[in-house]
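Since the structure comes first, as structure tokens, the remarks are kept for the end.
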Amino acid sequence: MMKFNFNNPTDLYFGTGSLNELGSLTMPGKKALVLISNGRSTIENGYLDRTLVELKRAGAEAAVFAKIMENPVKEVIMEGADFARENGCDFIVALGGGAVIDSSAAISAMAVNEGVLWDYVCGGTGKCRPIINKGLPVVAIATTSGTGSEMNGFGVISNLETNEKIGFGGPAFTPVLAIVDPELMLTVPPKYTAYQGFDALFHNTEVMMSKGVNILSETIALSAIESIAKYLPRAVKDGRDLEAREHVAYGSTMAGITMQLTSTTAQHSMEHSMSAYHHELPHGAGLIMISKAFAEFFIEKHVCDEQFIKMAKAMGLKHADRPEDFITALVRLQEACGVADLKMSDFGFSADEAMTLAKGARSMQGGLFEANPCEMTDEDCAAIFEKSYC
């Protein structure tokens, strides 16, 4: 609990209006590859134009690559890397949500290294080659509250040919500068506000369950859990509630820090397997579906009872004294956000997929199973999926 290592090079500007400070800051290069999603919101809401104005004010040119999708795939990563080279870009500005910022780490690497991304991915069918050349520096500008990717150098990329979704990156790809401006989050629709907010919540709850939790990661995680539990229902109900957006954004960004101090658990491995086989599944929705059964597994084992009680108190049950109180708090929060009824069968999963998903989770990101507070077999994992099916 008292031993940890923390090293983060990110210069973080957090708070309402932070994007307006970008132009007065020193950029890490002369020409930016500006990554945005293949959707319309970044352009229609004016965030791209504002960012381009700020980059110009900072003395940097820009080339825009607008092809990042939810659950980004390896082919788009390579296309983005080629685009960076062809346009002479020497740094990246990732303007978007988790998918865009996740992609920046992989594009950063592949813009300056030979071969293809899966040569360097470790896990599944990846070849795990060492990265030779230092990647392009990254500036992250978050437009959603979910992944906390603005504070770390990792992303999760999909390989549709092999039904894999695997993490890629390392400390060298951590953004040198991050802007977290809740004003950029006011237009996120209610459903996605909930999905993303629960992703942020589970980053922190998994850190609390993890056997590697320490005094610093626990302190930050509990603060983040409290903010998300109190303010996420407000943000879902009224997306223009700036105070609520600020607090949820805080919880998400702090998760980016807690995950550097302490690994998340197999809950994330399991969801990545789900969206590897069902590529259109929103990551946060998948996490919500399995969250209750996943927590119940450890509650039944009594391997981290105190952690569940601490989380229940942070989520508003001030007199919590049993680990089961965490389930009560979790279900109440899901009900308040309108996502308590999500189930795998609604998203095209079949009951006979459970073991395939379990084995996929261990193959793609088996390392996260090591952070669980006790052993979880493939059979245990499959049983959690079965409970979450309907």
Using only the alpha-carbon atoms, how far is helix 378-387 inclined from the longest principal axis of the chain? Give it as 0 to 90 degrees, nearest 10. 80 degrees
To the nearest 10 degrees, the tilt of helix 242-261 (Cα long axis) against the first principal axis of the alpha carbons of the chain is 80 degrees
Using a 1.4 angstrom probe on the protein heavy atoms only, line up D102, D341, D90 by accessible area, largest first. D341, D90, D102
Considering only protein heavy atoms and a 1.4 Å probe, what is the carbon-and-sulfur percentage of the accessible area of the chain? 51 percent
List the GluC sites (Glu not before Pro) within region 268-298 that DSSP assigns to loop and that have no more than 10 neighbouring Cβ atoms inside 10 Å. E280
Please give the calculated 222 nm ellipticity per residue for the chain, where each DSSP H segment of at least 4 residues contributes -39500 (n - 2.57) and the sum is spread over every residue; nearest 500 deg cm²/dmol? -15000 deg cm²/dmol
Are there cysteines in the chain with no other Cys C-beta under 4.7 Å, and if so, which? C89, C304, C337, C374, C381, C390
A94's amide H: which non-local residues (gap 5+, or another chain) put their own amide H closer than 5 Å, with H modeled 1.01 Å from N in plane and none for Pro or chain starts? L35, V139, A140, I141
Give the Kirkwood hydrodynamic radius (Å, one decimal) of region 1-69, defined as one over the mean of 1/r across all pairs of different Cα atoms. 14.0 Å
Against the longest alpha carbon principal axis of the chain, how many degrees, from 0 to 90 and to the nearest 10, is the axis of helix 354-365 turned? 50 degrees
Name the residues whose placed amide hydrogens come within less than 5 Å of the amide hydrogen of V156, ignoring near sequence neighbours (fewer than 5 apart) on the same chain. F168
Looking at region 73-158, which chymotrypsin sites (Phe, Trp or Tyr not before Pro) are in a loop (DSSP not H, G, I, E or B) and have at most 14 other Cβ atoms within 10 Å? none
What list of whole percents do you get for P(r) of region 29-182, with Cα-Cα distances grouped in 5 Å bins up to the one holding the largest distance? 2, 10, 22, 25, 22, 12, 5, 2, 0
Projected area averaged over orientations for the chain, convex hull of C-alpha atoms, nm²: 17.1 nm²
Normalised per residue, the volume of the convex hull around the Cα set of region 45-129 (Å³): 95 Å³
Under 12 Å, Cβ to Cβ, from I141 - net charge with Lys/Arg +1 and Asp/Glu -1: -4
Listed by chain and number, the residues whose amide H is under 5 Å from that of K67, excluding neighbours fewer than 5 places away on the same chain and using placed H, are I36
Across 5 Å bins from the origin, how do the percents of Cα pairs in region 227-378 run, short distances first? 2, 9, 14, 20, 22, 19, 11, 4, 1
Quick one: net charge of G98's neighbours, Cβ under 12 Å, K/R +1, D/E -1? -4
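The values are calculated or read from the model by the stated rules, or taken from the named source; none is laboratory data. Because the structure is a prediction, the values reported are computed rather than measured. So basically every Cβ, Gly included, is an ideal-geometry build from the backbone, and we count neighbours across all protein chains shown. The protein model used for the area step is the full one, side chains on, heavy atoms only, and it has no ligands, DNA or RNA in it. Shrake-Rupley method; radii C 1.70, N 1.55, O 1.52, S 1.80 Å.
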